[in-house]
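I have placed the structure first, in the form of structure tokens, so that the comments after it can refer back to it.
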Amino acid sequence: MTPLQQAPLRNGVKDLLRAAVPPASEAAAGSLLWGIAMGASALTNLLAAWETSDRIRFVALLYVLGGMLAFPAGLTLARLVSRGRHWETAFAAAFVSLLAATLAFTGGLFALQYRSYYAEWHAPALTLTWAFEFAFTMLTALYQFVVLGVRLYFPLGFAALVAASIWFARQRR
């Protein structure tokens, strides 16, 4: 394949990605709203029976930040997948993309916080022992997030996910 034949493919991918990126105002407003919705969902679940107000605030903030970081990525992925498709596909794309991005970003923040707590007892950085401790600490944190943290998205986070997916599908018509 000659370089001349590769150029249209590269330009096509660049054009698709450029078209999928949401406008900055939409991404910023959506990030703020999505982060608040995810934080409110976690907060309503934690206020029922949890330890201290400081810990409740920290976990709620973690969910707010995870939601804020996830929204632009999830929206871009949904726009990329649903481009030129029916509203049902747009709804499904938004639902899956926002769900996956929110879980990934919030779980990643949870894992980083978990790792920072246990770093005190780990081997010196960049050694083989440290690499194993780092990997298994992060995997353990992600497992705990899936088992204990996902429940904090119900019922408000799930309702927000359905509402955001409907908004996205109606916008894509």
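The values are calculated or read from the model by the stated rules, or taken from the named source; none is laboratory data. Everything numeric here is computed off the predicted structure, so don't read it as measured data. Reconstructed Cβ throughout: ideal geometry from the backbone, glycine too, with neighbour counts over all protein chains shown. Each accessible area value is taken on the protein alone, full model and side chains, heavy atoms only, with ligands, DNA and RNA left out. Shrake-Rupley method; radii C 1.70, N 1.55, O 1.52, S 1.80 Å.
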Checklist entry - Is there a residue in the range 9-24 that is in a helix (DSSP H, G or I), surrounded by fewer than 13 Cβ atoms within 10 Å (Cβ to Cβ) and at pLDDT 90 or above? => result yes
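Got a sec? Which of Leu77, Leu112, Leu142 is more than 20 Å from Ala28 (Cα to Cα), part of a helix (DSSP H, G or I), touching a helix residue (DSSP H, G or I) at 6+ places or on another chain (Cβ under 6 Å) and open to solvent by 60 Å² or more (accessible area, probe 1.4 Å)?
Working: Leu77 fails: more than 20 Å from Ala28 (Cα to Cα); Leu112 fails: touching a helix residue (DSSP H, G or I) at 6+ places or on another chain (Cβ under 6 Å).
Only one candidate qualifies: Leu142.
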Item to check | Evaluation of Tyr153 against (1) touching a Ser or Thr at 6+ places or on another chain (Cβ under 9 Å); (2) at pLDDT 95 or above; (3) over 23 Å from Leu77 (Cβ atoms) (one fails), failing number | outcome: (3)
Next on the checklist: Tally up the residues in the range 86-109 that are over 19 Å from Phe158 (Cα atoms) and either surrounded by fewer than 14 Cβ atoms within 10 Å (Cβ to Cβ) or in contact with a Phe, Trp or Tyr (Cβ under 8 Å, 6 or more places away or on another chain) (or both), please.
Outcome noted: 1
Checklist outcome for this item: Scanning the range 152-173 for residues that are exposed (fewer than 12 other Cβ atoms within 10 Å of the Cβ) and basic (Lys, Arg), the one nearest to Leu62 (Cα to Cα) turns out to be Arg170
Checklist entry - Which ones in the range 34-73 are touching a helix residue (DSSP H, G or I) at 6+ places or on another chain (Cβ under 6 Å) and not in a helix (DSSP H, G or I)? => result Trp50
Checklist outcome for this item: Note on the range 41-74: residues among the aliphatic types (A, V, I, L, M), over 24 Å from Val13 (Cα atoms) and open to solvent by less than 40 Å² (accessible area, probe 1.4 Å) are Ala42, Leu46, Ile56, Val59, Ala60, Leu62, Val64
